[in-house]
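The values are calculated or read from the model by the stated rules, or taken from the named source; none is laboratory data. Keep in mind that what you see is a predicted model, and the values were worked out from it rather than measured. Glycine also receives a Cβ, built like all others from the backbone with ideal geometry; neighbour counts cover every protein chain displayed. Accessible surface areas use protein heavy atoms only, side chains included; no ligands, DNA or RNA. Shrake-Rupley method; radii C 1.70, N 1.55, O 1.52, S 1.80 Å.
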Amino acid sequence: MANQLLSTVPHHHSLPENYIRPESQRPRLAEVISDAHIPAVDLSSPDKSHVIAQIADACRSYGVFQVLNHGVPVELMVKMMVIALEFFRLPPEEKAKHYSDDPARKMRLSTSFNIRKETVHNWRDYLRLHCYPLEDYVPEWPSNPSSFKEVVSAYSKEVRQLGFRLLGAISLSLGLEKKYMEEVLGEQEQHMAINYYPKCPQPQLTYGLPAHTDPNALTILLPDPDVAGLQVLKHGQWIAVHPQPHAFVINIGDQLQALSNGRYRSVWHRAVVNSQKERTSIASFLCPCNCAIISPPEKLVSEASPAMYRSYTYEEYYKKFWSRNLDDEHCLELFRS
């Protein structure tokens with residue numbers, strides 16, 4: 001089945017039929033706004049109350065923001081992008097060792113999103129890794145390229161610490177104790193998707209990933225510094241995200257929308273593809289432990305603002321998310337009170 005990987009073919013001269021979206025579902029790239037400014041937050045600012053206010057506003061208005069001066073070494077971000085591209089340029093027989101289309105696998109190289117269930121595929125290959133606790137998962141990771149385990153391990157540790165800093169700021173921005181989100185989410189799992197979007201002969205007919213929200217709590221995206229592809233939805237209009245140098249793009253996931261009782265938005269986003277350039281991105285996901293009970297804090301529930309969603313475990317949510325198509329209705333709608 002590894003022959004389904006897009007990255008095994010040097011050049012794609014035409015778009016296979018099973019990647020072509022129906023007319024009504026195409027990206028309409030000419031209608032995308034490209035000059036909108038996604039909020040950017042400088043985490044090194046001495047005015048911490050201003051940082052918290054900026055994060056609150058971004059979470060309410062967009063569900064996405066960039067972070068600058070975040071503490072993750074720039075050299076490590078560069079190494080991570082280099083090693084990702086090196087992996088996808090390995091010979092097909094080397095990549096085939098890691099291929100699986102089973103979503104339950106903790107480490108797998110695959111293509112599209114859920115290739116077993118889809119009728120139309122997405123123009124993407126990806127390597128999915130579980131990253132916490134590292135010692136449980138690193139032995140299974142690829143040994144080629146030779147520095148893969150070392151670089152990805154160091155990167156995943158740094159990103160995890162950044163994620164906890166951001167969860168603290170998000171808790172404070174909701175008027176909660178700093179550790180509230182971190183504690184309620186339990187011993188958080190951490191996953192990573194190393195995405196590769198090859199050059200696409202007809203980008204107006206397909207997606208790298210169609211519109212979706214993330215099922216987890218928080219997503220920390222390391223975007224390709226040279227090729228834009230991420231777009232977010234605001235007031236019914238798609239907006240292209242143009243990352244600032246050495247910035248991460250932070251997505252609010254479904255669990256923070258539920259825990260904030262709908263005050264913060266799990267952002268609808270999509271990835272489009274490019275006819276001229278390949279693109280790489282690395283998404284790190286902080287996920288509640290399976291037994292974490294997702295329910296808004298009492299402080300955010302009142303007669304005027306009743307609980308929007310019933311209580312549920314993250315395991316229940318995650319199973320529901322992976323049993324459907326990526327572009328089905330918002331999975332949170334299945335958990336409405």
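Number of residues in the range 241-293 that are among the aromatic types (Phe, Trp, Tyr) and either free of Cβ contacts under 8 Å to residues at least 12 places away in the same chain or in a strand (DSSP E or B) (or both): the value is 2. Here the range 71-99 is the region considered, the condition is being of a type outside the set (A, V, I, L, M) and open to solvent by less than 10 Å² (accessible area, probe 1.4 Å), and the residue that is nearest to Glu158 (Cα to Cα) is Phe87. Looking at the range 287-309, is at least one residue farther than 20 Å from Ala56 by Cα, acidic (Asp, Glu) and modelled with pLDDT under 95? Yes, the range 287-309 contains a residue that is farther than 20 Å from Ala56 by Cα, acidic (Asp, Glu) and modelled with pLDDT under 95. Among the residues of the range 55-70, those identified as part of a helix (DSSP H, G or I) and open to solvent by less than 20 Å² (accessible area, probe 1.4 Å) are Ile55, Ala56, Ala58, Cys59.
Go through (1) within 27 Å of Asp42 (Cβ to Cβ); (2) open to solvent by 10 Å² or more (accessible area, probe 1.4 Å) one by one and return the number of the condition Gly236 breaks. Only one criterion is unmet by Gly236, namely (1).
Residues checked against (1) at pLDDT 95 or above; (2) under 30 Å from His12 (Cα atoms):
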| residue | (1), (2) |
| --- | --- |
| Lys179 | yes, no |
| Leu209 | yes, yes |
| Pro215 | no, no |
| Pro225 | no, yes |
| His235 | no, no |
| Gln244 | no, no |
| Ala247 | yes, no |
| Gln255 | yes, no |
| Gly262 | yes, no |
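Checking the conditions here, which among Gln202, Gln231, Gln190 is of a type in the set (S, T, N, Q), modelled with pLDDT of 95 or more and touching a helix residue (DSSP H, G or I) at 6+ places or on another chain (Cβ under 8 Å)? Only one candidate passes the filter, namely Gln190. In the range 146-160, the residue that is least open to solvent (accessible area, probe 1.4 Å) out of those that are small (Gly, Ala, Ser) and not in a loop (DSSP other than H, G, I, E, B) is Ser156.
The single condition from (1) crowded, with 16+ Cβ neighbours inside 10 Å; (2) within 21 Å of Gln231 (Cβ to Cβ); (3) modelled with pLDDT of 95 or more that Ile38 fails is (3). Taking the numbered list (1) among the basic types (Lys, Arg); (2) under 19 Å from Gly208 (Cβ atoms); (3) not in a helix (DSSP H, G or I) in turn, Arg105 passes all entries but (2).
Residue-by-condition table, conditions (1) open to solvent by 10 Å² or more (accessible area, probe 1.4 Å); (2) out of contact with any Gly (no Cβ under 7 Å at 6 or more places or on another chain):
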site: Ile250; (1), (2): no, yes
site: Gly253; (1), (2): no, yes
site: Ser266; (1), (2): no, no
site: Val273; (1), (2): yes, no
site: Ser295; (1), (2): yes, yes
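Among the residues of the range 2-27, those that are surrounded by 10 or more Cβ atoms within 10 Å (Cβ to Cβ) and either of a type in the set (Ser, Thr, Tyr) or at positive phi (or both) comprise Ser7, Thr8, Tyr19. Here Asn114 clears all of (1) touching a helix residue (DSSP H, G or I) at 6+ places or on another chain (Cβ under 8 Å); (2) open to solvent by 40 Å² or more (accessible area, probe 1.4 Å); (3) part of a loop (DSSP other than H, G, I, E, B) except the condition numbered (2). Restricting the search to the range 161-186, which residues are assigned to a helix (DSSP H, G or I) and open to solvent by less than 20 Å² (accessible area, probe 1.4 Å)? Those that are assigned to a helix (DSSP H, G or I) and open to solvent by less than 20 Å² (accessible area, probe 1.4 Å): Leu162, Gly163, Leu166, Leu167, Gly168, Ala169, Ile170, Ser171, Met181.
Filtering the range 297-319 to residues that are farther than 24 Å from His235 by Cα and either acidic (Asp, Glu) or in contact with a helix residue (DSSP H, G or I) (Cβ under 6 Å, 6 or more places away or on another chain) (or both) leaves Glu298, Glu303, Arg310, Tyr312, Glu315, Glu316.
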